[in-house]
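The values are calculated or read from the model by the stated rules, or taken from the named source; none is laboratory data. Values in this document were obtained by computation on a predicted structure and should not be read as measured data. Cβ: placed from backbone, ideal geometry, glycine included. Neighbour counts: every protein chain shown. The accessibility values were calculated without ligands, DNA or RNA, using every heavy atom of the protein model including side chains. Shrake-Rupley method; radii C 1.70, N 1.55, O 1.52, S 1.80 Å.
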Amino acid sequence: PRAPAGMGDVPEPCPQASLAVLSKVELRVSCKHLLDRDTLNKSDPCVLLLMQTQGQWMEVDRSEVIKSNLNPVFAKIFTVDYYFEEVQKLRFEVYDSHGQAGVGTHDDDFLGGMECTVGQIVAQKRVTKPLFLKYGKFAGKSTITIISEEISGNNGYVELAFRAKKLDDKDLFSKSDPFLEIYRIDDDRSEQLVYRTEVVKNNLSPIWEPFKVSLNSLCSCEEKRKLRCVVWDYDSRGKHDFIGEFFTTFEEMQKAMGENKVQWDCMNPKYKIKKRNYKNSGVVVLLDLKIHRVYSFLDYIMGGCQIHFTVAIDFTASNGDPRNSCSLHYINPYQPNEYLKALVAVGEICQDYDSDKKFSALGFGARIPPKYEVSHDFAINFNPDNDECEGIQGVVESYQSCLPKIQLYGPTNVAPIISKVARVAADEERTKEASQYFILLILTDGVVTDMADTREAIVRASYLPMSIIIVGVGNADFTDMQILDGDDGVLRSPKGEPVLRDIVQFVPFREFKNVS
């Protein structure tokens, strides 16, 4: 047996450090009522998964072929990387395969296709859509169902409490000084030390301190992965005596949840061969196991959390008269202005996560009818009871029809709108359901005038389920706006209170408008 390395303290695992930015999603595919292309027997279907990159469809992977089956459930699991900030277009194509020739891509072998986005699949968890042939024709009653599951990444850590009983005594004049080591056995049979307990002096029935390890470290997030646990008698010169070992899995350990305990015989293989009536060198008991999940963004989305999207548009006079082609609010029949481009870029992503596809659209910094008083949080559809528009298109139409009715004015105050969305988010927070998250997109052509109130409003909002994206439109100097984006340091309220979390992202649109 190998002697363990130096008996240093094992650092506390940091559950946050392991949160990967990239999530992977598994897709499982099944079809119903496929067309029957074969005269003698049923079609032999196979599914191809294509992904759109730079306007081109590329095959990513394909399923196995299922023989003569019009309602196949494919065993193949497709894995795709998930990026929240992109519209990731997928296309599933079903073909009737012909033995050795593989999957034909002739029209007569094509059983139908379907397009959707990764966002739609994860938001709905299960998507069933009709299959279409060429030229938008339905493929009879054929449907395809995609079920998504996040590959549980580093989602959590586990707390374990071990003790041992009646360990072999290895010391002449005193009792053994036992400590326990846990090793993870990797696919290449190598062993990785996961944890080493402290030494309990002079005790054959030690109780070790409870400890925490991440699930990733313990078993690579695979419950059935083998673990090797070794008990040693500590020796100050580093020549620790082997007491015994046992093998287990995280799956087996989980029986210790609640009132139950799990125990293993601690075995010394040499003694087992030599001694005829050898039973064990003691037993090790797992007294308690607690699992702490660390939930990812996708866990919430797949658990049914909806994203409610609000856009706030700057109607201050510095934008220029909308009738003038130099104005940032000029409606050019051939080309959307920067306000519309920024709105569509963000709204397109958010709409996949909102089942009713209704978006709140607000304006600030204008004089509005009927009395032409300045407002900093008016509904651009002029319906104070319901500021929601139908889809991105509805927001675009309300924006275009409200421009001629209002008078651009000022100042650039955004705190009222932040507070308005925060009130709705606070109502949601009280339900304790985590069923809605709020994104406020503020489009502005200049630096905010009410900086102190805005900072205060952001600090309050940082305790709520909401995020704020501020997009600077036009060519103003936005240096002062970077303060709100806590990247250079922590944003504080005028009284010095820090934000609970960094909820603001500021981007000047000019840096992104020419990027694909």
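For a test of the definition: using alpha carbon positions, the gyration tensor, and the 1.5 limit on a/c, classify the range 305-411 as rounded, prolate or oblate.
Working: a/c = 2.17, a/b = 1.35, b/c = 1.60.
In terms of gyration-tensor shape, oblate.
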**Message:** Computing the accessible area with a 1.4 Å probe over protein heavy atoms, can you report the carbon and sulfur percentage for the chain?
**Reply:** 50
**Prompt:** So what's the gap between the Cα centers of the range 386-416 and the range 465-516, to the nearest angstrom?
**Reply:** 22
**Item:** Cα-based helix-to-principal-axis angle, 415-431 vs the chain, degrees rounded to 10
**Value:** 40
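Restricting to bridges with both residues inside the chain, how much of the DSSP beta-bridge set is antiparallel, in percent to the nearest 5?
Antiparallel bridges: around 80 percent, rounded to the nearest 5.
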**Asked** Considering only protein heavy atoms, what per residue accessible area in square angstrom results for the range 24-151 with a 1.4 angstrom probe?
**Response** 53
**Over 32 Å between alpha carbons, listed pairs Lys358/Lys513; Lys201/Lys272; Lys290/Lys495; Lys341/Lys432; Lys224/Lys432** = Lys290/Lys495; Lys341/Lys432; Lys224/Lys432
**Request:** Mind running the shape call on the chain? Use the C-alpha gyration tensor, a ≥ b ≥ c as the square roots of the eigenvalues: rounded below 1.5 for a/c, prolate if a/b tops b/c, oblate otherwise.
**Result:** oblate
**Message:** Given axes a ≥ b ≥ c from the Cα gyration tensor, I'd like to know whether the range 384-472 is rounded (a/c under 1.5), prolate (a/b larger than b/c) or oblate.
**Reply:** oblate
**Cα long-axis angle, helix 451-461 against the chain (0 to 90 degrees, to the nearest 10)** = 40
**Item:** Over the range 261-352 - Rg/Rh using Cα atoms and the Kirkwood inverse-distance radius
**Value:** 1.64
**Fill in**
Computed over the chain: longest principal axis from alpha-carbon atoms vs helix 338-350 long axis, angle to nearest 10 degrees, is 40
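Nothing charged except the Cβ atoms of Lys and Arg (+1) and of Asp and Glu (-1): what's the magnitude of the dipole of the chain about its Cα centre? Round to the nearest 20 debye.
In debye, rounded to 20, the chain gives about 2000.
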**Asked** Name the residues of the range 218-238 whose amide N is less than 20 Å from a point 7 angstrom out from the Cα of Ile185 along the C-beta direction?
**Response** 218-232
**Message:** Within 13 Å, Cβ to Cβ, of Gln436, how many net charges do the neighbouring residues add up to if Lys/Arg are +1 and Asp/Glu are -1?
**Reply:** -3
**Asked** Which trypsin sites (Lys or Arg not before Pro) does the range 236-280 hold that lie in a coil by DSSP with at most 16 other beta carbons within 10 Å?
**Response** Arg237, Lys239, Lys261, Lys275, Arg276, Lys279
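Can you list which of the GluC sites (Glu not before Pro) found in the range 389-479 are DSSP loop residues with at most 14 other C-beta atoms within 10 Å?
Here the sparse-neighbourhood loop sites are Glu433.
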**Request:** Report the chymotrypsin sites (Phe, Trp or Tyr not before Pro) located in the range 309-383 that are in a DSSP loop and have at most 13 other Cβ atoms inside 10 Å of their Cβ, or state none.
**Result:** Tyr334, Tyr372
**Fill in**
Pairs over 28 Å Cα to Cα, from Lys175/Lys261; Lys212/Lys274; Lys165/Lys270, come to Lys212/Lys274
